[in-house]
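Asks: The structure is given below, and queries will be raised subsequently.
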Amino acid sequence: MLKKTSHFMREANFIGGAWVGADTGATIDVVNPATRQTIGTVPKCGRAETRRAIKAAEEAFHSWKKTSANDRAKLLRKLHDAIMDNQEALAELLVMEQGKPLAEARGEVGMSAAYVLWYAEEGRRTYGDVVPSPWADRRILVTKEPVGVIGAITPWNFPSSMLARKLGPALAAGCTAVAKPASQTPYSGLAWGVLAEEAGFPAGVVNIVTGSASEIGDELTENPLVRKITFTGSTEVGKTLIRKSAGTVKKVSMELGGNAPFLVFDDADLERAVAGAVAAKYRNSGQTCVCTNRFFVQEGVYDRFVEKLVEATERLKVGSGLEEGTQQGPLIDEKAVEKVEELVADAAEKGGKVVAGGKRHSLGGTFFEPTVIAEASPEMRFMQEEIFGPVSPIFRFNNEEEAVRLANDTAFGLACYFYTADLGRAFRVMEGLRYGLIGVNEGIITTVEAPFGGLKESGLGKEGGHQGIEDYLDTKYVCIGGLGL
Ligand code: NAP
């Protein structure tokens, strides 16, 4: 049934099947980044409420884990349908708190539903093994079982789909969850509580708490009832959560920061490379972990690539995400704009040429002009730092070896892209790049069917694909002896 946006905008937390406020009554304001106006509040919860949510999830786990994968799949399919029936309302809610263009928000909500549907099916295929026994009178079974209660912490840049990639496999596997959405975009997270309730998930299977990141994070990581932490966000916070999870030896999955290189070789199809560059850079105003952070372009096509990227960048329509035709919305907050300004100033000081944009947009607030910086060099800060804004620094390179070396010169290893028409080079470069996600002649590659995740300091574990459910399962080995065979 179709519902209004306001139906999903809950100003309460979802704990043990009830909608509740913080014990203290404290709240957090939620601001629309396009208008800078407060659109509502959500509870500012802490350790005590989180502990209750964990207890509710633990109680629900005892019966939820005993349901059949088929029954869980039926509920997940209902959840999928509820999301798609309300795609427009959920997309509008996402735009209001996050700022991205409505078309991108619709895409994100559709992706959320797709993850749920994928894991409804994958949950039915969590096969174990019957292993040939070295003993004549014993048999060996290997089984997969849900890990238990999971704690999920998500960021503001994809407030709906980052939760889908965690709740989908967790619920399908038979786990129960306590989720903490980002404070800047809590409504898209709380909407999962509304949807789960309406789809008919039992009380306590899905719990959503908002509030103090450190208090909720400390309870989730220290409470022994939580058996797994799944986190998407910055590398800095991810490292803290790994350290804190060590105390109770929890499983951890970490989807952390990136520093994506985008390589264009002399033999590339330049039109295709520019179209891919725009998609891989300016989506969500450059605020995605897989957004290109550094363009490396070979000498022979450098000037032409810069010229074409400038043309394409200057055509982008900046505005409120709810306005028809908007391709780039505001940045999430003032701090994000200041960081982008600092990086542009650093580049200009070190010889970079601002050839498009370069400053705050005339729309004011946190809007920033889509920007291109030519003659970028390795001593500039964006060689190592995530920009998280609409800025394209373009470096030159001479040969393949140099390009791969520069691309790998970072602690991160999430996404990368390269454009070439040479099949041999495609394999050499693909095998040389130390990244978890590689687009060859493609700028947008995320799909529910494939494993998403980084190498090095970009993370641990995979989300999506058949791999994405593994982290929610424990493997048990059972030896059955005395069979008298
Ligand atoms: P963030 O500051 O790390 O925050 C992410 C989440 O962690 C938020 O819910 C935040 O809560 C919470 N948090 C902050 N400090 C915490 C603590 N001490 N203990 C427990 N939780 C804590 O990241 P962000 O700025 O929201 O997101 C941007 C980052 O996410 C970028 O680095 C981006 O690359 C990365 N990212 C990675 C992927 C991926 O799949 N690899 C996808 C998307 C984004 P509050 O909001 O309440 O502070």
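Asks: Measure off, as a whole percent, the carbon and sulfur share of the 1.4 Å-probe accessible area of the stretch 27-115, all protein chains present. All intermediate terms of the calculation are to be shown ahead of the outcome.
Replies: On the way: 1830 of 3590 Å².
Ligands and nucleic acids excluded, carbon and sulfur reach 51 percent.
Asks: Let's test the formula: R0 of 22 Å, r as the Cβ-Cβ distance of residue 422 and residue 271. What FRET efficiency results, to the nearest 0.05? Could the numbers behind the result be given before it?
Replies: Working: r = 18 Å, r/R0 = 0.80.
The formula returns an efficiency of 0.80 here.
Asks: Which ³J(HN,Hα) values in Hz, rounded to whole numbers, follow from the phi angles of the stretch 240-256 under the Karplus curve 6.51 cos²θ - 1.76 cosθ + 1.60, where θ = phi - 60° and Gly and Pro get x?
Replies: Rounded to whole hertz, the list is 4, 5, 5, 4, 5, 6, 5, x, 10, 6, 8, 5, 10, 10, 10, 10, 10.
Asks: Going by alpha carbons, how many degrees (0 to 90, nearest 10) lie between the helix axis of 47-64 and the longest principal axis of the chain?
Replies: Long axis of 47-64 versus the principal axis of the chain: about 60 degrees.
Asks: Follow-up. Between the stretch 227-254 and the stretch 394-469, what's the alpha-carbon centroid distance in Å?
Replies: Answer, in whole Å: 24.
Asks: Follow-up question, since we're still on this one. Calculated FRET efficiency, residue 74 and residue 129, Cβ-Cβ r, R0 25 Å, to nearest 0.05?
Replies: Numbers: r = 27 Å, r/R0 = 1.07.
Taking R0 as 25 Å, the efficiency between residue 74 and residue 129 is 0.40.
Asks: Also: Roughly how many nanometres apart are two label points built 7 Å out from the Cα toward the Cβ at residue 479 and residue 239?
Replies: Distance between the two pseudo-spin positions: 4.2 nm.
Asks: Rank 466, 361 by accessible area, highest first, at a 1.4 Å probe radius? Walk me through the intermediate numbers first.
Replies: Working: 466 110, 361 45 Å².
The most accessible residue leads, giving 466, 361.
Asks: Can you list which of the trypsin sites (Lys or Arg not before Pro) found in the stretch 412-485 are DSSP loop residues with at most 16 other C-beta atoms within 10 Å?
Replies: Values: sites: 425, 428, 434, 456, 462, 476; in loops: 434, 462.
In loop regions of the stretch 412-485 (DSSP not H, G, I, E or B), the sparsely surrounded trypsin sites (Lys or Arg not before Pro) are 434.
Asks: Please work out the FRET efficiency for the pair residue 142 and residue 384, using the Cβ-Cβ distance as r and a Förster radius of 41 Å; give the result to the nearest 0.05. Don't skip to the answer; put the middle values down first.
Replies: Details: r = 43 Å, r/R0 = 1.05.
Result of the calculation: an efficiency of 0.40.
Asks: Taking 0.36 nm per intervening residue step and subtracting the Cα-Cα distance, what contour gain separates residue 438 from residue 307 on full extension? Before the final figure, lay out the partial values.
Replies: Values: separation 131, 0.36 × 131 = 47.16 nm, distance 2.53 nm.
Value of the extension gain: 44.6 nm.
Asks: About its Cα centre, what dipole magnitude does the chain give when the only charges are +1 on Lys and Arg Cβ and -1 on Asp and Glu Cβ, stated in debye to the nearest 20? Show your work: numbers first, answer last.
Replies: Numbers: 55 positive and 63 negative charges, 329 e Å.
Computed about the Cα centre, the dipole is about 1580 debye.
Asks: A further question follows. Within 10 Å of each candidate Cβ there may be at most 16 other Cβ atoms; applying that plus a DSSP loop requirement, which trypsin sites (Lys or Arg not before Pro) in the stretch 324-355 survive?
Replies: Values: sites: 335, 339, 350, 353; in loops: 350.
Passing sites in the stretch 324-355 are 350.
Asks: Relative contact order of the chain: what whole-number percent is it, with Cα pairs under 8 angstrom and at least 6 residues apart? Walk me through the intermediate numbers first.
Replies: Values: 1150 pairs, mean separation 87.8, N = 485.
Rounded, it is 18 percent for the chain.
Asks: Now for a separate question. What are the aspartates and glutamates whose alpha-carbon lies under 20 Å from the alpha-carbon of residue 4, with same-chain residues fewer than 8 places away excluded?
Replies: Result set, ordered by chain and number: 81, 85, 88, 92, 97, 104, 108, 197, 198, 323, 324.
Asks: Now for a different question. Using a 1.4 Å probe and counting only protein heavy atoms, arrange 219, 386 so the residue with the most accessible area comes first.
Replies: On the way: 219 10, 386 50 Å².
Accessible-area ranking of 219, 386, largest first: 386, 219.
Asks: Give the accessible surface of the chain per residue, rounded to a whole number of Å², with probe radius 1.4 Å and ligands, DNA and RNA excluded.
Replies: On the way: 18970 Å² over 485 residues.
For the chain, the per-residue accessible area is 39 Å².
Asks: Leaving ligands, DNA and RNA out of it, work out the accessible area of residue 341 with a 1.4 Å probe and give it in Å² to the nearest 10.
Replies: Residue 341 has an accessible surface of roughly 70 Å² with all protein chains in place.
Asks: Which loop-located trypsin sites (Lys or Arg not before Pro) does the stretch 56-143 contain, where loop means any DSSP state but H, G, I, E or B and the Cβ has at most 15 other Cβ atoms within 10 Å?
Replies: Values: sites: 65, 66, 72, 74, 77, 78, 106, 124, 125, 138, 139; in loops: 65, 66, 138.
Sparse-neighbourhood loop trypsin sites (Lys or Arg not before Pro): 66, 138.
Asks: Just need the relative contact order of the stretch 178-277 here, percent rounded to a whole number, with Cα pairs under 8 Å and 6+ apart.
Replies: Values: 84 pairs, mean separation 21.2, N = 100.
Worked out over the stretch 178-277, it gives 21 percent.
Asks: Which of the lysines could a cross-linker bridge to residue 3, judged by Cα under 21 Å and excluding same-chain residues fewer than eight apart?
Replies: 78
Asks: What's the longest bit of the chain with no exposed chymotrypsin sites (Phe, Trp or Tyr not before Pro), using DSSP loop states and at most 13 other Cβ atoms within 10 Å as the test?
Replies: Of all site-free stretches, the longest is 136-485.
Asks: Still on this structure, I have one more. From the cross-link list 144/456; 100/353; 308/335; 44/335; 66/251; 74/317, which pairs have alpha carbons spaced over 32 Å apart? Let's see the in-between values first.
Replies: Working: 144/456 28 Å; 100/353 28 Å; 308/335 30 Å; 44/335 22 Å; 66/251 22 Å; 74/317 42 Å.
Among 144/456; 100/353; 308/335; 44/335; 66/251; 74/317, the Cα-Cα distance tops 32 Å for 74/317.
Asks: Now for a different question. Let me check something: with ligands and nucleic acids excluded, how do 431, 108 order by accessible area (1.4 Å probe), largest to smallest? Display every interim value, and only then the final one.
Replies: Working: 431 140, 108 10 Å².
These residues rank, largest area first, as 431, 108.
Asks: Carbon and sulfur: what percent of the stretch 177-294's accessible surface (1.4 Å probe)?
Replies: Values: 1820 of 3180 Å².
Within the stretch 177-294, the accessible surface is 57 percent carbon and sulfur.
The values are calculated or read from the model by the stated rules, or taken from the named source; none is laboratory data. Everything numeric here is computed off the predicted structure, so don't read it as measured data. Because the Cβ atoms are built from the backbone with ideal geometry, glycine has one as well, and the counts that use them run over all protein chains shown. SASA here: full protein model, heavy atoms, side chains in, ligands and nucleic acids out. Shrake-Rupley method; radii C 1.70, N 1.55, O 1.52, S 1.80 Å.
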